[in-house]
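Okay, so here's the structure we're looking at.
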Amino acid sequence: MWGRRRGVNLVDTAEMDVFFERLDRLNKLQLLAMRAAWHSIGRGEHEEAWTAVREIGARDGLAREIDRVRDKAMTWALRGTNSIPYWGDNDDQVFVKGEAREAIVDAALAVALGSRLDASSRDVLLGPWLRATKATE
């Protein structure tokens, strides 16, 4: 009864494996484009999409699974050993992956939740990922 629902595992799926493999191949420009695209979306749209995510978690008993997806995406984004550094105007080293973390988490959730998400929320969460990855293909 407690813990993960039987048969529901949002993290360890083929779709998530492909997503994280593609993340590993993103370059600095794609990550920066992803961050910029995420910031171009209004705060209200982000809040509505996250409300939809929380509603799915409550309705389908997936709150812990959603947290696992978020944690895995955040860990990937903040993992320093594979971060792609660049030098800013003030010579402070900034890790591009960390700068794109919100967009990375959103995209991971959209991939993990798939058709459980309504089209509008999915577009908000996945849009920056799609724009950044398609822009350089």
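The values are calculated or read from the model by the stated rules, or taken from the named source; none is laboratory data. As the structure is a computational prediction, the values presented were derived from the model and not from experiment. Backbone-built Cβ (ideal geometry, glycine too); neighbour counts: all protein chains shown.
Among residues of region 38-61 being in a helix (DSSP H, G or I), of a type in the set (A, V, I, L, M) and under 16 Å from the mean Cα position of the chain (by Cα), the one that is surrounded by the fewest Cβ atoms within 10 Å (Cβ to Cβ) is ALA52. Beta carbons closer than 9 Å, at least 6 apart along the sequence or on distinct chains, pair a first residue in region 11-37 that is closer than 13 Å to ARG101 by Cα with a second that is of a type in the set (Asp, Glu) and in a helix (DSSP H, G or I) for LEU31/GLU99; LEU32/GLU99; ARG35/GLU99; ARG35/GLU102. The residue of region 11-31 that is surrounded by the most Cβ atoms within 10 Å (Cβ to Cβ), among those that are hydrophobic (A, V, I, L, M, F, W, C) and under 14 Å from the mean Cα position of the chain (by Cα), is LEU31.
Tell me, yes or no, whether region 101-117 has at least one residue that is exposed (fewer than 15 other Cβ atoms within 10 Å of the Cβ) and either modelled with pLDDT of 90 or more or assigned to a helix (DSSP H, G or I) (or both). Yes, that holds for at least one residue. Of the candidates ARG64, ARG68, ARG122, the single residue that is part of a helix (DSSP H, G or I), within 14 Å of PHE20 (Cβ to Cβ) and at pLDDT 75 or above is ARG68.
Across region 38-68, the number of residues qualifying as touching a Leu at 6+ places or on another chain (Cβ under 7 Å) and either touching a residue at least 60 places away in the same chain (Cβ under 8 Å) or closer than 14 Å to ALA103 by Cβ (or both) comes to 5. For first residues located in region 95-109 and of a type in the set (Lys, Arg), partners that are surrounded by fewer than 24 Cβ atoms within 10 Å (Cβ to Cβ) and assigned to a helix (DSSP H, G or I) and lie 6+ apart or on another chain with Cβ distances below 6 Å form the pairs LYS97/ALA77; ARG101/ALA77.
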